[in-house]
Structures are given as structure tokens and as C-alpha cells.
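Report on the structure given below.
The values are calculated or read from the model by the stated rules, or taken from the named source; none is laboratory data. All values reported here derive from a predicted model rather than from experimental measurement. Every residue, glycine as well, gets a Cβ built from its backbone with ideal geometry; the counts of neighbours run over all protein chains shown.
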Amino acid sequence: MEILIRDTPEEGAQVAAKLVKKILSTRSQPVLGLATGGTPLRLYRELIRMHQCGELSFKHCTSFNLDEYVGLPPEDKRSYHHYMRSNLFDQV
């Protein structure tokens, strides 16, 4: 495993987004395991920016979340489903 250290969270998000871009562009059916919370938000914003600039596509991508609440409807604002739609999926 390679550990990458950057000076700022923004730089870290840019590096991580480039790694995601590589996966999306080199695999025919990429699968991403995605997290929620505050930590990945900069990454998601960078992925949205790259998508809006035409730098990457999520067309053939499948994703899954690392966590979800049992019994909580997807539209509930506390659900991770809602979090992902609000912070990434609805914008790509």
C-alpha cells in the first residue's frame, strides 16, 4: 500500500480525485466503495468539478456505501443514501 501525504486537505482531495478518475477511465465497469461524513466532502466536490468540466464520467460506475442505517427510508435526511445524493450523485 502506498501512503500519500499532502500539505492541505484540498491537495489531498485533488490527488484522490485523480486516482478515482484513473479507475473510472481504465475499468469497463468500475465499482467504488464510498464513505460519508465530513472527510470525503472535499473529494466529492472535486469529483463534481471534474465531471462538470467533462474530465470524467460515472456512466458505467457502480458504487456502494460503507454504512447505512437499517430501517431508515432512503429519503430520510439522516440516511447515507440521502447524504450521497445530496453531496455527489445528484450533481454527476
- line: Within the range 24-37, residues being of a type outside the set (D, E, K, R) and over 12 Å from the mean Cα position of the chain (by Cα) number 5
- request: Identify the single condition in (1) more than 14 Å from residue 84 (Cβ to Cβ); (2) part of a helix (DSSP H, G or I) that residue 5 does not satisfy, given that it satisfies every other one.
  value: (2)
query: Looking only at residues in the range 56-92 that are part of a loop (DSSP other than H, G, I, E, B) and of a type in the set (Ser, Thr, Tyr), which one is nearest to residue 9 (Cα to Cα)?
result: 57
statement: Residues of the range 39-66 being at pLDDT below 95 and more than 17 Å from residue 27 (Cβ to Cβ), in sequence order, are 39, 65, 66
- prompt: Residues in the range 18-55 that are more than 17 Å from residue 87 (Cα to Cα), touching a residue at least 12 places away in the same chain (Cβ under 8 Å) and not in a helix (DSSP H, G or I): how many?
  reply: 5
- line: (1) touching a helix residue (DSSP H, G or I) at 6+ places or on another chain (Cβ under 6 Å); (2) in a helix (DSSP H, G or I) all hold for residue 15 apart from (1)
query: Can you name the residue in the range 58-92 that is in contact (Cβ under 8 Å) with a residue 12 or more places away in the chain, farther than 13 Å from residue 32 by Cβ and surrounded by 11 or more Cβ atoms within 10 Å (Cβ to Cβ) and is also nearest to the chain's Cα centre (by Cα) among such residues?
result: 87
query: What is the number of the single condition among (1) modelled with pLDDT under 95; (2) in contact with a strand residue (DSSP E or B) (Cβ under 7 Å, 6 or more places away or on another chain) that residue 3 does not meet?
result: (2)
